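S.K.: For reference, the structure I am asking about is given below.
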Amino acid sequence: MAMRGTKRPIFNEINITPLTDIFLVLLIIMMVVAPMLNTSGLKLSVPSVGPAPDVKEQPKVTRIKIDAKGNYTVGDNAVPAEQLLFEIKRLKPQAPDGVIIETDPTATHNALTVAMDAVQSADIQKLAVTSSKPIDEEGAP
């Protein structure tokens, strides 16, 4: 038979010791792992606005153009996105000074990302991204 008249004591305290132990262990793990994380990404240099300096010798670069529809042109050849990496690798010995990506301001970010990913996959360290159309003072192409 169940005893209806007996009351159980109310548990009013919460033991936070196990919770504190878990947080301390997580803190120690994060302190050990954080210095090991390598967060180096693609190094980009942002161009400055102003007059261009006089250059006596033209750099040997590969030019990738992205039009408004997301089509790629490497040099003077139209290249599909699937062949972009192979074309960049093929031209890499002829252009040791890096890659310049000229993109239409209305092109999608995905098209630019695909081109930048192909450049990084080709193990090219020098990359510049420019607009193929001049931008007026208000920022509209």
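The values are calculated or read from the model by the stated rules, or taken from the named source; none is laboratory data. Values in this document were obtained by computation on a predicted structure and should not be read as measured data. Note that we place each Cβ from the backbone using ideal geometry, even for glycine, and neighbour counts take in every protein chain shown. Just the protein is used for accessible areas: all its heavy atoms, side chains included, with ligands, DNA and RNA removed. Shrake-Rupley method; radii C 1.70, N 1.55, O 1.52, S 1.80 Å.
S.K.: Of all strands (runs of 3 or more DSSP E) completely enclosed by region 71-110, which ones contain at least 2 residues that are out of contact with any Leu (no Cβ under 9 Å at 6 or more places or on another chain)?
M.R.: Output list reads 77-79.
S.K.: Does Val79 count as open to solvent by less than 80 Å² (accessible area, probe 1.4 Å), within 14 Å of Leu127 (Cβ to Cβ) and of a type outside the set (Gly, Ala, Ser)?
M.R.: Working: open to solvent by less than 80 Å² (accessible area, probe 1.4 Å): yes; within 14 Å of Leu127 (Cβ to Cβ): no; of a type outside the set (Gly, Ala, Ser): yes.
Here the answer is no, as Val79 does not meet what is asked.
S.K.: Would you say Lys89 is closer than 19 Å to Leu127 by Cβ, surrounded by fewer than 18 Cβ atoms within 10 Å (Cβ to Cβ), at pLDDT 85 or above and touching an Asp or Glu at 6+ places or on another chain (Cβ under 9 Å)?
M.R.: For Lys89, the condition - closer than 19 Å to Leu127 by Cβ, surrounded by fewer than 18 Cβ atoms within 10 Å (Cβ to Cβ), at pLDDT 85 or above and touching an Asp or Glu at 6+ places or on another chain (Cβ under 9 Å) - is met.
Every residue, every condition in (1) among the hydrophobic types (A, V, I, L, M, F, W, C); (2) modelled with pLDDT of 85 or more, yes or no:
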{"residue": "Tyr72", "(1), (2)": "no, yes"}
{"residue": "Asp76", "(1), (2)": "no, no"}
{"residue": "Pro93", "(1), (2)": "no, yes"}
{"residue": "Ile100", "(1), (2)": "yes, yes"}
{"residue": "Asn110", "(1), (2)": "no, yes"}
{"residue": "Gln125", "(1), (2)": "no, no"}
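S.K.: Identify the residue in region 92-119 that is out of contact with any Gly (no Cβ under 9 Å at 6 or more places or on another chain) and among the polar types (S, T, N, Q) and, among all such residues, is least open to solvent (accessible area, probe 1.4 Å).
M.R.: Thr103
S.K.: Within region 61-70, work out how many residues are in contact with a Gly (Cβ under 9 Å, 6 or more places away or on another chain) and assigned to a loop (DSSP other than H, G, I, E, B).
M.R.: The qualifying residues number 1.
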